[in-house]
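The values are calculated or read from the model by the stated rules, or taken from the named source; none is laboratory data. Computed from a predicted model, the values in this text were never measured in an experiment. Ideal geometry is used to build each Cβ from the backbone, glycine not excepted, and the neighbour counts take in all protein chains shown.
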Amino acid sequence: MIENMFRNLSAKDKHLFRAVMGWLDLNDYDEALKELDSMSASVQSCPEILDVRWQICARRLDWSQSLTIARSFVKQHPKIASAWIHQSYSLHELGRTIEAREQLMNAHAIFPQNALIVYNLACYCCQLNDHEMALQWIQEAMALREKSEILSMALEDKDLEPIRDRLAKLVA
């Protein structure tokens, strides 16, 4: 996705975007945001720019700002799954897990084959004490992506800790 966007950037914006990525590598989020803000107005709503902006706010644990960016991302690019995932994750981190699950259910209707959406639905259901539904979502995620990959993530995920013993039985 970034390669596609990169081809259409001006030389100045390419330079600024490289700087953004460099600042991210150094975990200097303030400088990364300054560089993003310096990019042309015409690229500010590009999905790749919105995604990087969300990543920066998420790394800063600024979930309120992350949610604002994610909502804009969803509104401008509703056919990009990561926008919906970012929105729900931000809601969850803000303690609004019921709303996160509802928004992700909307996304699931649009992207029924997206394993990460399904996996996150399992996490949110588990956190809302709907353990049976969480297990169903995990099994659906395993049908969409390599079973061992999903189980490996699930066994380490703090959101799924309440059902960890039941997940371990799926390994066999």
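Rundown of residues vs (1) of a type outside the set (Val, Ile, Thr); (2) in a helix (DSSP H, G or I); (3) over 17 Å from the mean Cα position of the chain (by Cα); (4) over 25 Å from Cys126 (Cβ atoms), yes/no style:
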{"residue": "Gly22", "(1), (2), (3), (4)": "yes, yes, yes, yes"}
{"residue": "Gln65", "(1), (2), (3), (4)": "yes, yes, no, yes"}
{"residue": "Trp84", "(1), (2), (3), (4)": "yes, yes, no, no"}
{"residue": "Gln87", "(1), (2), (3), (4)": "yes, yes, no, no"}
TODO: Answer yes or no: is there a residue in region 2-22 that is acidic (Asp, Glu) and either at pLDDT below 95 or surrounded by fewer than 16 Cβ atoms within 10 Å (Cβ to Cβ) (or both).
DONE: yes
Open item on the list: Just the residues that are surrounded by 14 or more Cβ atoms within 10 Å (Cβ to Cβ) and of a type in the set (Lys, Arg), please, taken from region 148-172.
Closed with: Arg164, Arg166
TODO: Determine whether region 51-60 contains at least one residue that is of a type in the set (Lys, Arg), within 14 Å of the chain's Cα centre (by Cα), crowded, with 16+ Cβ neighbours inside 10 Å and assigned to a helix (DSSP H, G or I).
DONE: yes
- [ ] Would you check if Ala141 is assigned by TED's automatic domain parsing to the domain that holds Leu36 and at negative phi?
- [x] no
Task: Selection status of Ala109, in a helix (DSSP H, G or I) and without any contact (Cβ under 8 Å) to a residue 12 or more places away in the chain - done: yes
Open item on the list: I need the full set of residues from region 141-166 which are farther than 19 Å from His92 by Cβ and either of a type outside the set (Gly, Ala, Ser) or touching a residue at least 40 places away in the same chain (Cβ under 8 Å) (or both), in order please.
Closed with: Met142, Leu144, Arg145, Glu146, Lys147, Glu149, Leu151, Leu155, Asp165, Arg166
